[in-house]
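**Student:** Before I ask anything, here is the structure I am working with.
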Amino acid sequence: MTRDQGQRLLLPLFVALVIVGLWQWWVTAYDIPQFLVPSPLVVAQTLVMDWSLLGAALLVTLKVTFLALFCSVLLGVTIAFAFVQSKWIETAFFPYAVLLQVTPIVAIAPLIIIWVKSPTASLVICATLVALFPIIANTTLGLRSVNRGLQSLFKMNRATRWQTLVRLRIPSALPYFFGGLRISSGLALIGAVVAEFVAGTGGTGTGLAYQILQAGYQLNIPRMFAALVLITLTGVTLFALMGALSKWALGSWHESETNSI
Amino acid sequence: MNSEASAVAVQSAEKTYPNGTHALLPVNLTVQQGEFVTLLGPSGCGKSTLLNMVAGLLEPSAGRISVWGESPNAQSQAKQRLSFVFQEATLMPWARVGANVRLPLDLQGINRADADQRVGNALKLVGLEKFAESYPRELSGGMQMRASIARSLVTDPSLLLMDEPFGALDEITRNRLDDELLSLWRSKGLTVIFVTHSIHEAVYLSSRVVVMAARPGRVIEEVAITPTVARDDAFRVSTEFAGYAKQLQDSLLRASVNVDEALA
Ligand SMILES: Nc1ncnc2c1ncn2[C@@H]1O[C@H](COP(=O)(O)OP(=O)(O)OP(=O)(O)O)[C@@H](O)[C@H]1O
Ligand SMILES: [Mg+2]
């Protein structure tokens, strides 16, 4: 690990330590009651004690998130390919992709939950709807952002449509795709949690959002915090994971992933 | 001149872009096998337009262009091939230099062993044999341009079209690449059409310079460069060189004065 990378890890960790320390001090010094703001120590204890409950819930949320991310990638890339195949398709359907993006998921989640029998499937559909757009938009842009000179080169060498797609368009689109993937991974998690909040009231879910709701009804504030911490950590891990994936795929050649110029 | 035997024949070809820009008035130009012809002119005079039409990347709006007696787009059947070198190196950043140079062969479906051997030869020609496994971003601008030239030579073309290939490079690198290009041209018996802004580069390289003018883009004069001495560093500072340079400069100046009068 280089010094630079070390700093990138150590500095945020240090900030986290300071904040957690201040929080602990504030709660103890001012004697804040646990049902208002639990101390970090209490949250950590809850996390350990309720792990059988929270860990299982985390797995459910993770499953929904990853399934949704997988579906978004599959659907988003397919749609992007369709868009670049013909301007007609794009003109006809792009507004609906935008519609997808601007419709609040809480407004349509109840409908989807009623329509789709399987609770997991309905949650995955909601989260996919939330996470889909950045993949479509970025991949479409990427597939279109092909260097003009390289395009001429392929044309002059009589490359087939397939050769141009595989050897030129797809590699050109990769950096854009990974940019979209990073955004979508966070959105998939948010979608999974929000959808479960909506569904959770119906008693179908067992994920982290459901645990937060239940803990809320029982005024079990430490457990609420513990679940919240798990969601946040999951989000950060997902983001880092997508970053690593992008680095692995582009590291050797793309500017965004190479430190030296 | 007999257009049947010529490498490139441009007959009253002109170009109006779809947006109405009349980029090029009718041009007549014949390039013989083995010639080094330079298109020289100010920005916007249609040099790239003309070159792209010869390459078959653009269709002329009127007139005819033939390369070895065929339309540029019918070259697939011809044995002789043409290659294009762009202003930028236009290498694929995700592929190593070797893979970049191999691209035209890959697209033709030539088997890997043959292709690799030809790539090795092409890289040797431009002095990059040690960099086959490097990524383009690890190379300097001049080295990237060399890789681009290697890629254009790997198909063993007879006609090389170059659109300001060294325009973005410093003068020292440019001069060295000019020399390398000249020796390639001689040793391989290439026919070259070369685009440049630089009067000095035009004199140094060409057997013939086609002087062009802008607004509207057109050819105004052709100047044969037939030095009595060898083309080397001494030639660059000879009176003969200066004479040609002055002739080209006057020609360019006259053209722009005419335009200014017409606009006034
Ligand atoms: N795709 C295009 N659509 C419309 N007009 C164009 C297009 N390409 C070039 N032109 C116009 O045609 C004219 C000639 O352009 P061209 O690129 O051939 O000039 P050039 O001599 O190569 O210039 P430079 O030295 O700057 O490269 C210019 O006025 C330019 O604006
Ligand atoms: Mg040009």
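**Student:** Quick one: in the range A:49-195, what % of C-alpha pairs are over 27 Å apart? Let's see the in-between values first.
**Tutor:** Numbers: 3524 of 10731 pairs.
Roughly 33 percent, rounded to a whole number.
**Student:** Two decimals is fine: what's Rg over Rh for the range A:140-202, C-alpha atoms, Kirkwood radius as Rh? Could the numbers behind the result be given before it?
**Tutor:** Working: Rg = 18.8 Å, Rh = 14.1 Å.
Rg/Rh for the range A:140-202 comes to 1.33.
**Student:** Using a probe of 1.4 angstrom, how much of the accessible area of the range A:41-256 is carbon and sulfur, in percent?
**Tutor:** Details: 7880 of 10760 Å².
On the range A:41-256, the fraction of accessible area on carbon and sulfur atoms equals 73 percent.
**Student:** Volume per residue, Å³, of the convex hull around the alpha-carbon atoms of the protein assembly as shown? Intermediate results must be reported in sequence, preceding the final value.
**Tutor:** Values: hull volume 121.0 nm³, N = 525.
Convex hull volume per residue, Cα atoms: 230 Å³.
**Student:** For the residue pair A:Ala44 and A:Leu22, what label-to-label distance in nm results when each label sits 7 Å from Cα along the Cα-to-beta-carbon direction?
**Tutor:** Taking the two extended label points, one gets 1.9 nm.
**Student:** What distance in nm separates the two pseudo spin-label positions at A:Gln101 and A:Val166, each 7 Å out from Cα along the beta-carbon direction?
**Tutor:** The two pseudo-label positions are separated by 3.2 nm.
**Student:** Additional query: Is there a quick way to get the dipole size of the range B:89-156? I mean about its Cα centre, with the Cβ of Lys and Arg at +1 and of Asp and Glu at -1; what is the value in debye to the nearest 20?
**Tutor:** Working: 9 positive and 7 negative charges, 25 e Å.
Approximately 120 debye in magnitude.
**Student:** Which one, A:Ala192, A:Ala57, A:Ala127, has the greatest fluctuation when you compute a Gaussian network model over chain A with C-alpha springs under 10 angstrom?
**Tutor:** Highest fluctuation of the listed residues: A:Ala57.
**Student:** In the range B:161-230, if every C-alpha pair distance is counted and binned at 5 Å from zero, what percent goes to each bin?
**Tutor:** Computed distribution, short to long bins: 3, 14, 25, 27, 18, 9, 3, 1.
**Student:** Dipole of chain B (Lys/Arg Cβ +1, Asp/Glu Cβ -1, origin at the Cα centre): which of B:Val97, B:Ser83, B:Ala214 lies farthest to the positive side?
**Tutor:** B:Val97
**Student:** What does the highest-first list of A:171-184, B:229-242 look like by mean Cβ count within 10 Å?
**Tutor:** On the way: A:171-184: 22.1, B:229-242: 12.4.
By packing density, highest mean first, the sequence is A:171-184, B:229-242.
**Student:** If you bin every alpha carbon distance in the range B:88-156 into 10 Å steps from zero, what whole percent lands in each bin?
**Tutor:** 25, 60, 14, 0
**Student:** My understanding is that a pair violates if its Cα-Cα distance is over 26 Å; which of B:Lys47/B:Lys246; A:Lys87/A:Lys155; A:Lys155/B:Lys15; B:Lys15/B:Lys188; A:Lys63/A:Lys247; A:Lys155/B:Lys47 do that in this structure? Numbers along the way, then the final one.
**Tutor:** Values: B:Lys47/B:Lys246 21 Å; A:Lys87/A:Lys155 20 Å; A:Lys155/B:Lys15 20 Å; B:Lys15/B:Lys188 32 Å; A:Lys63/A:Lys247 24 Å; A:Lys155/B:Lys47 20 Å.
Table pairs above 26 Å Cα-Cα are B:Lys15/B:Lys188.
**Student:** Quick one: check the C-alpha center-to-center distance for the range B:201-240 versus the range B:97-133, whole angstrom.
**Tutor:** A separation of 33 Å, based on Cα centres.
**Student:** What does the convex hull of the Cα atoms of chain A come to per residue, in Å³, rounded to a whole number?
**Tutor:** Working: hull volume 41.3 nm³, N = 261.
Value for chain A: 158 Å³ per residue.
**Student:** Ignoring ligands, DNA and RNA, how much accessible area is buried between chains A and B, both sides summed, with a 1.4 Å probe, to the nearest 100 Å²?
**Tutor:** Details: alone 15610 and 12480 Å², together 26100 Å².
Roughly 2000 Å² of accessible surface disappears when A and B pair.
**Student:** Sticking with this structure for a sec: Between A:Ala240 and B:Leu25, what is the FRET efficiency for a Förster distance of 56 Å, r being their Cβ-Cβ separation, to the nearest 0.05?
**Tutor:** Details: r = 60 Å, r/R0 = 1.08.
Working from the Cβ atoms, E equals 0.40.
**Student:** Within chain B, which whole H helices from DSSP have a Cα span along their axis of at least 15 Å and a mean Kyte-Doolittle hydropathy of -0.5 or more, if any?
**Tutor:** Numbers: long enough: B:97-108 (18 Å, 0.38); B:112-125 (19 Å, -0.72); B:141-153 (18 Å, 0.06); B:171-188 (25 Å, -1.02); B:239-263 (36 Å, -0.13).
Within chain B the helices that satisfy the rule are B:97-108, B:141-153, B:239-263.
**Student:** Still on this structure: Return the average number of partner chain Cβ atoms within 10 angstrom of each residue Cβ along peptide A:156-162. Spell out each step's value before the answer.
**Tutor:** Numbers: counts 13, 11, 6, 5, 1, 0, 0.
For peptide A:156-162, the averaged partner shielding equals 5.
**Student:** Around B:Thr173, what is the net charge, scoring Lys/Arg as +1 and Asp/Glu as -1 over all other residues with Cβ under 12 Å from its Cβ? Kindly include the intermediate steps, with their values, before the conclusion.
**Tutor:** Numbers: positive: B:Arg146, B:Arg174, B:Arg176; negative: B:Asp170, B:Glu171, B:Asp178, B:Asp179, B:Glu180.
Local charge sum for B:Thr173: -2.
**Student:** When chain A is modelled as a GNM with alpha-carbon springs shorter than 10 Å, which of A:Ala109, A:Ala56, A:Ala195 fluctuates the most?
**Tutor:** A:Ala56
**Student:** Taking a probe of 1.4 Å, how large is the accessible area per residue of the range B:89-156, in Å²?
**Tutor:** Working: 2780 Å² over 68 residues.
Result: 41 Å² of accessible area for each residue.
**Student:** Given the Cα atoms of chain B, and with Rh set as the inverse mean 1/r over their pairs in the Kirkwood sense, what is Rg to Rh to two decimals?
**Tutor:** That ratio is 0.97, to two decimals.
**Student:** Just the Cα atoms of the range A:117-261: what Rg and Dmax do they give in Å?
**Tutor:** 20.7, 71
**Student:** Give me a single rounded figure for B:90-97: the average over its residues of other chain Cβ atoms within 10 Å of their Cβ.
**Tutor:** Working: counts 7, 4, 8, 10, 12, 3, 2, 0.
Mean partner shielding for this stretch: 6.
**Student:** If you take the beta carbon distance between B:Ala113 and A:Arg144 as r and set R0 to 51 Å, what does 1/(1 + (r/R0)^6) give as a FRET efficiency, to the nearest 0.05? Could you put the intermediate results ahead of the total?
**Tutor:** Details: r = 36 Å, r/R0 = 0.71.
That pair, B:Ala113 with A:Arg144, gives E of 0.90.
The values are calculated or read from the model by the stated rules, or taken from the named source; none is laboratory data. Predicted, not measured: the structure shown is a model, and the values here were computed from it. Cβ: placed from backbone, ideal geometry, glycine included. Neighbour counts: every protein chain shown. SASA here: full protein model, heavy atoms, side chains in, ligands and nucleic acids out. Shrake-Rupley method; radii C 1.70, N 1.55, O 1.52, S 1.80 Å.
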